[in-house]
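For reference, the structure is listed below as structure tokens.
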Amino acid sequence: MCDWGCCINLLLVLENECCIGASSARLMVPNSRPLLHFGFQVLRSCLSSAAMSPVASTGTFRQVLPLNYRSGTRVEPADGRDKEEAYEPATGRVIATFTCSGEKEVDLAIQNAKTAFKIWSQKSGMERSRILLEAARIIRERKEEIAAMESINNGKSIFEARVDIDISWQCLEYYAGLAGSLAGQHVQLPGGSFGYTRREPLGVCVGIGAWNYPFQIACWKAGPALACGNAMVYKPSPFTPITVVLLAEIFTEAGVPTGLFNVVQGGAATGEFLCRHPDVAKVSFTGSVPTGSKIMEMAAKGIKPVTLELGGKSPLIIFSDCVLENAVNGAMMGNFLTQGEVCCNATRVFVQREILDKFTEEVVKRTKKIKIGDPLLEDTRMGPLINKPHLEKVLGFIQKGKEQGMKVLCGGEAYIPGDSKLKNGFYMSPCVLGNCKDDMTCVKEEIFGPVMSILPFDTEEEVLERANNTIYGLAGGVFTRDIQRAHRVVAALQAGMCFINNYNISPVELPFGGYKRSGFGRENGEAAIEYYSQLKTVCVEMGDVESVF
């Protein structure tokens, strides 16, 4: 069996030091390229085999190369003193230690992106499209490797991680298709004169990502940004710094201008340098409401547009005429994907009283069967939470719920898998809460963990009022056989992403974003183009100019 951690690092060394790639072949040893290329392919093959048979994989990886990316290569930051550690949630091991980027490094990344923007923005939409399609192809080809790294650093099951990577390349493919169709409008004016509009890029955009979908969120932001002709400097969460650098390398290999997509690592201070930089044209952020509020404040001082995809406490409304099995499946998918660490999760499950007992019984039975364990094993369906402080926070919510009168129907405790190498991992058993009231902390506040609250209701009018009684408005869903009721309910829900007889699907063709404190702006779909471009109006006079002076 190949040592997978060693394999990944050797592969990265080959790619970084020997620059084996379509756009950056800079080998210093004469006639060594065939040998290195062969080694590269062997390692890639070995890695894929290890990813599919990860018996010796969890607990072995250690990041050895720099995690910043600038000028088409991995670099150590030019400045910065604070250190961050990234963990493997399954084992509790530190797998990366890195320096947070300081003001100088942030400026270098932005200036580098600014130079690349001048080249990229002059390319036709079809030229940009071809490069984005190539990046999508590379991601498809490297799916196993990227998914495995996502699972190692984030903790989600390899089963889910593969889906995330599929959505990522689909996103780039979708925006590649739109890149060549970006156009303005022609308007005829009196006397043969006319006007037209041009849809133009913004410049250097900043993307700040979350730790629950590190690679996918980076693609959701980079896809439309690059399709419109922008450059991007991206800062991932310090909890999950690893896979976005792979995306940067893929963009370089696909043929983007050097510096078009740069990566800086760090926490709040690094994010502040990015948001306040005068050469940044736009900020797109995914994360918490408090951080989003601070980013909006900083961006406002420079009159920068922002896209904010923030938290949620979404309702799922289940009527008694639903197909019960579908409703149960929807509730499970709406609460336990990625260990419950999903912003649009339907953590408030409103169930019509006539079917409350039957629904609850089935959900509890299904929840108890969820396989918890090594995220790299094929049959695992729930991995560890992101880190120990977050695990303790989620368990604290459950304890608070108990004190307020909630009943724990299953789970809600720290969990230690049988595999000894996982004993220090950040695991808990998925939890279902009953006897819930609308004013309880677990019902009102975002927990961001595998915790489902079940609440009974009687009438449509009542449940809509309760469902909308929240500061959030990211998502909502309804299960019913009554199609008129279904459309009536989603029309009344104060949420940006609504589902009828399904939950937690995110096709890249559809816009994603929230109402109220869940943020504004949209990612995915054609709507995202508007948030990464600006409209210029041109008036053309075909006659003489008259003046009143």
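Quick rundown of the values:
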{"read-out": "Members of the stretch 337-351 that are farther than 23 Å from LYS516 by Cα and either touching a His at 6+ places or on another chain (Cβ under 6 Å) or open to solvent by 10 Å² or more (accessible area, probe 1.4 Å) (or both)", "value": "LEU337"}
{"read-out": "Subset tally (residues that are over 14 Å from PHE426 (Cβ atoms) and either not assigned by the TED database to the domain that holds VAL233 or not polar (S, T, N, Q) (or both)) for the stretch 86-113", "value": "13"}
{"read-out": "Residue within the stretch 314-325 that is out of contact with any strand residue (DSSP E or B) (no Cβ under 6 Å at 6 or more places or on another chain) and touching a residue at least 60 places away in the same chain (Cβ under 8 Å) present", "value": "yes"}
{"read-out": "Number of the condition not met by ARG162 [criteria: (1) touching a helix residue (DSSP H, G or I) at 6+ places or on another chain (Cβ under 9 Å); (2) open to solvent by less than 50 Å² (accessible area, probe 1.4 Å); (3) in contact (Cβ under 8 Å) with a residue 24 or more places away in the chain; (4) in a helix (DSSP H, G or I)]", "value": "(3)"}
{"read-out": "Residue match in the stretch 180-192 (condition: touching a residue at least 40 places away in the same chain (Cβ under 8 Å), assigned by the TED database to the domain that holds LYS294 and in contact with a Pro (Cβ under 8 Å, 6 or more places away or on another chain))", "value": "no"}
{"read-out": "Only listed residue being surrounded by fewer than 22 Cβ atoms within 10 Å (Cβ to Cβ), at pLDDT below 95 and aliphatic (A, V, I, L, M), chosen from ILE505, ILE529", "value": "ILE505"}
{"read-out": "Contacts under 6 angstrom Cβ, first residue in the stretch 214-225 being within 11 Å of SER284 (Cα to Cα), partner aliphatic (A, V, I, L, M) and open to solvent by less than 10 Å² (accessible area, probe 1.4 Å), 6 or more apart", "value": "ALA218/VAL244; ALA218/LEU247; ALA222/MET232; ALA225/MET232"}
{"read-out": "Strands (runs of 3 or more DSSP E) fully within the stretch 171-255 counting 2 or more residues that are surrounded by fewer than 19 Cβ atoms within 10 Å (Cβ to Cβ)", "value": "186-188, 194-201"}
{"read-out": "Subset of the stretch 119-137 [in a helix (DSSP H, G or I), over 22 Å from LYS235 (Cα atoms) and of a type outside the set (S, T, N, Q)]", "value": "ILE119, GLY125, MET126, GLU127, ARG128, ARG130, ILE131, LEU133, GLU134, ARG137"}
{"read-out": "Of residues in the stretch 279-319 being open to solvent by less than 30 Å² (accessible area, probe 1.4 Å) and among the hydroxyl-bearing types (Ser, Thr, Tyr), the one nearest to the chain's Cα centre (by Cα)", "value": "THR286"}
{"read-out": "Any helices (runs of 4 or more DSSP H) falling wholly within the stretch 406-494 and containing at least 2 residues that are closer than 18 Å to GLY340 by Cβ and assigned by the TED database to the domain that holds ILE386", "value": "441-444"}
{"read-out": "Flag if PHE350 is in contact (Cβ under 8 Å) with a residue 24 or more places away in the chain and not assigned by the TED database to the domain that holds ILE208", "value": "yes"}
{"read-out": "Criterion: at pLDDT below 95 and either part of a loop (DSSP other than H, G, I, E, B) or among the hydrophobic types (A, V, I, L, M, F, W, C) (or both) - qualifying residue of ALA86, ALA56, ALA96, ALA90", "value": "ALA56"}
{"read-out": "Any hit, the stretch 443-450, residues being closer than 21 Å to PHE359 by Cβ, in contact with a Lys or Arg (Cβ under 7 Å, 6 or more places away or on another chain) and open to solvent by less than 40 Å² (accessible area, probe 1.4 Å)", "value": "yes"}
{"read-out": "Cβ pairs under 8 Å, 6+ apart, first in the stretch 528-549 and assigned to a loop (DSSP other than H, G, I, E, B), second polar (S, T, N, Q)", "value": "TYR532/ASN230; GLU541/SER193; MET542/SER193; GLY543/SER193"}
{"read-out": "Criterion (surrounded by fewer than 18 Cβ atoms within 10 Å (Cβ to Cβ) and basic (Lys, Arg)) met by exactly one of ARG70, ARG130", "value": "ARG130"}
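Residue-by-condition table, conditions (1) more than 21 Å from TYR87 (Cβ to Cβ); (2) out of contact with any helix residue (DSSP H, G or I) (no Cβ under 9 Å at 6 or more places or on another chain); (3) surrounded by fewer than 19 Cβ atoms within 10 Å (Cβ to Cβ):
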| residue | (1), (2), (3) |
| --- | --- |
| LYS368 | yes, yes, yes |
| MET382 | no, no, no |
| GLU392 | no, yes, yes |
| PHE397 | yes, no, no |
| LEU409 | yes, no, no |
| SER420 | no, yes, yes |
| PHE426 | no, no, no |
| LEU455 | yes, no, no |
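The values are calculated or read from the model by the stated rules, or taken from the named source; none is laboratory data. It should be emphasised that the depicted structure is a prediction, and the values quoted were computed from it without experimental measurement. No Cβ is skipped: glycine too gets one built from the backbone with ideal geometry, and neighbour counts run over all protein chains shown. With ligands, DNA and RNA removed, areas are computed over all heavy atoms of the protein, side chains included. Shrake-Rupley method; radii C 1.70, N 1.55, O 1.52, S 1.80 Å.
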